[in-house]
1. Go through (1) touching a residue at least 24 places away in the same chain (Cβ under 8 Å); (2) under 29 Å from residue 179 (Cα atoms) and name the single condition residue 140 misses.
2. So is residue 153 surrounded by 14 or more Cβ atoms within 10 Å (Cβ to Cβ) and polar (S, T, N, Q) or not?
3. Taking region 191-243, which residues are aliphatic (A, V, I, L, M) and part of a loop (DSSP other than H, G, I, E, B)?
4. Would you mention how many residues in region 244-260 are touching a Gly at 6+ places or on another chain (Cβ under 8 Å) and assigned to a helix (DSSP H, G or I)?
5. Regarding residue 159, is this residue touching a Leu at 6+ places or on another chain (Cβ under 8 Å), among the small types (Gly, Ala, Ser), within 30 Å of residue 234 (Cβ to Cβ) and in contact (Cβ under 8 Å) with a residue 40 or more places away in the chain?
6. Would you say residue 196 is open to solvent by 70 Å² or more (accessible area, probe 1.4 Å), on the phi < 0 side of the Ramachandran plot and polar (S, T, N, Q)?
7. So, residue 201, is that one within 18 Å of residue 10 (Cβ to Cβ), in contact with a Leu (Cβ under 8 Å, 6 or more places away or on another chain), open to solvent by less than 50 Å² (accessible area, probe 1.4 Å) and not β-branched (Val, Ile, Thr) or not?
8. Mind checking which residues of region 7-50 are farther than 22 Å from residue 199 by Cβ and assigned to a helix (DSSP H, G or I)?
Amino acid sequence: MSDWLHSLPVAWMALLVFGVTYLLAAAIYAVVTVLSVGERARSFKAVSPGLLPPLGIIFGLFVAFTAAQVWTDNEKARTEIDREASALRSVVILATSFPREFELRLRELVRSYIAQVATQEWIMMAQGTANRRAIPGVLVEALQATLAVMPTSDGQKTAQREIVSALETALDARRQRILISQSQVNLVKWSLLFIQALCALAAIAMVHSDNRLASIIAMGIFATGVAASMLLILAHDRPFIGEISIRPDALLQVMPEIGA
């Protein structure tokens, strides 16, 4: 799916998805109605209504499996962001165990990193262009500064180890966050969902070909369910793009002055 579609406000996305779904349902209804004459009408009527439940169940399974991937990606993204924010918060807290000059330097490096993530990297993740292999220079500098400081007490030695561990955790969480930003429902899954929905709509139209009102009602109800399912998946498909995407709020809370 294109970035412009994922970037649409939910209202416009809903209008587009429901509109296209209803147009396809109407087209299927029109084709079946035109063809439902003579021998073909008897053939359509011979299609067993027992075909509809398996088609609906298969479509439901497709939706469930696809939605499971989307929910998992969103939950993983939030988990990694929280893990990254927690690690950075630990760095800021543990830095108070050292002299004021080192503490201020480490806080400034963390502040610079969070500002860079919120203003630059988040946009790149939305576009799918963020590079997880590139190591942020400010975190590397923070790691080097931590390793270079000479602890003068056992407490500072412990704090030094914990800061190094927290910075490594933040780097790992960042890599996972960027990896998740590149995950989405692929074209094959979307195609199979559409094909299954079209098959079910065509079957409904043929089963009710002798009763136009019943056909319109049944197809309208199923088309609404299809559109709602598609919209639900599409709106959450890319965790970092769109109106209801994940924001860097957890990271900004580490340094509230950045958010302000």
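1. (1)
2. On the way: surrounded by 14 or more Cβ atoms within 10 Å (Cβ to Cβ): no; polar (S, T, N, Q): yes.
No.
3. Residues of region 191-243 aliphatic (A, V, I, L, M): 192-193, 195, 197-198, 200-207, 213-214, 216-219, 221, 223, 226-228, 230-235, 241.
Matches in region 191-243: 241 only.
4. Pass one, region 244-260, residues touching a Gly at 6+ places or on another chain (Cβ under 8 Å): 249, 252-253.
Now drop any that are not assigned to a helix (DSSP H, G or I), which leaves 249, 252.
Count: 2.
5. Values: touching a Leu at 6+ places or on another chain (Cβ under 8 Å): yes; among the small types (Gly, Ala, Ser): yes; within 30 Å of residue 234 (Cβ to Cβ): no; in contact (Cβ under 8 Å) with a residue 40 or more places away in the chain: yes.
No; evaluated as a whole, the condition is false for this residue.
6. Values: open to solvent by 70 Å² or more (accessible area, probe 1.4 Å): no; on the phi < 0 side of the Ramachandran plot: yes; polar (S, T, N, Q): yes.
So residue 196 does not fit the description; no.
7. Working: within 18 Å of residue 10 (Cβ to Cβ): no; in contact with a Leu (Cβ under 8 Å, 6 or more places away or on another chain): yes; open to solvent by less than 50 Å² (accessible area, probe 1.4 Å): yes; not β-branched (Val, Ile, Thr): yes.
The answer is no for residue 201.
8. So the first thing to find is which residues in region 7-50 are farther than 22 Å from residue 199 by Cβ, and the list is 7-16, 37-39.
Across region 7-50, the qualifying residues are 7, 10, 11, 12, 13, 14, 15, 16, 38, 39.
The values are calculated or read from the model by the stated rules, or taken from the named source; none is laboratory data. Please read all numbers here as calculations on a predicted model, not as lab measurements. Using ideal geometry, Cβ is built from the backbone for each residue, glycine included, and neighbour counts are taken over all protein chains shown. We work out accessible area using only protein heavy atoms, side chains counted, and drop any ligands, DNA or RNA first. Shrake-Rupley method; radii C 1.70, N 1.55, O 1.52, S 1.80 Å.
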